[in-house]
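Values in this text are rule-based calculations from the coordinates and carry no lab data. Quick caveat: nothing in here was measured; it's all calculated off a predicted structure. Every residue, glycine as well, gets a Cβ built from its backbone with ideal geometry; the counts of neighbours run over all protein chains shown.
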Amino acid sequence: MRFVLIAIVVVLLFGVGIGVRALRAGDKAPAVGTQAPDFTLNSQEGKPVSLRDFKGKWVVLYFYPKDFTSGCTVEAHNFQRDLAQYEAKNAVIVGVSMQDENSHQQFCTKEGLSFKLLADTKSAVSSQYDSVMNMGVVKLSARHTFLIDPQGKVEKVWFDVKPANHSEEVLAALTQLQSGSAGN
């Protein structure tokens with residue numbers, strides 16, 4: 001019995017260690033003040049979308065683990081709820097995860113989402129933005145957000161995202177940056 005308990009503790013500690021390493025993604029992410037790496041991925045409509053398509057607009061580029069999960073649904077709903085406020089600030093919301101276009105289309109339809117969700121099925125863009133959680137046999141996009149200015153420069157980065165109030169955080173940062181009083 002003692003051996004079983006020790007084995008369970010080791011597995012839990014090892015599993016937690018993997019989780020902590022996965023959640024520490026961001027060491028090589030595009031830094032504030034640098035040009036955001038361009039990319040092209042298919043949207044939920046199956047059409048290619050590039051970061052450069054949004055030149056002249058603020059971009060909220062958010063990475064999220066998986067369609068239809070509770071935290072991801074809350075985060076998406078809150079961005080959708082606040083979409084008019086983002087649009088009034090010349091900003092677009094763009095979500096990225098590793099599910100395919102079909103999953104994104106179903107998620108948008110079921111949840112009433114009207115902004116772009118991009119399919120990073122090969123994890124190339126999530127990797128480029130150092131936003132990958134490697135959970136052993138499964139890779140997921142890490143919950144990270146990049147606020148990119150109209151010239152394509154990274155203005156703010158969030159690595160410790162709490163889905164429930166994240167949209168409000170991003171709106172507050174966008175307001176500060178646009179007023180010129182941001183403290184990075």
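The separation of region 133-175 from region 77-111, counted between C-alpha centres, amounts to 13 Å. In region 105-184, a dipole from Cβ-located charges (positive for Lys and Arg, negative for Asp and Glu) runs towards its positive end, and of Pro150, Gln106, Val132 it is Gln106 whose Cα lies farthest in that direction.
Here the relative contact order of region 2-179, from alpha carbon pairs under 8 Å that lie six or more residues apart, stands at 31 percent. Each Lys and Arg Cβ is given +1 and each Asp and Glu Cβ -1; about its Cα centre, region 113-181 then shows a dipole of about 220 debye.
Relative to the current alpha-carbon distance between Phe159 and Ser114, full extension at 0.36 nm per residue lengthens the span by 13.7 nm. Per-residue 3J(HN,Hα) values for region 123-132, derived from phi via the Karplus relation 6.51 cos²θ - 1.76 cosθ + 1.60 with θ = phi - 60°, read 6, 5, 6, 4, 5, 4, 9, 6, 10, 10 Hz in sequence order (x marks Gly and Pro). Assuming charge only on the beta carbon of Lys and Arg (+1) and of Asp and Glu (-1), the dipole of region 2-179 about its Cα centre is about 380 debye to the nearest 20.
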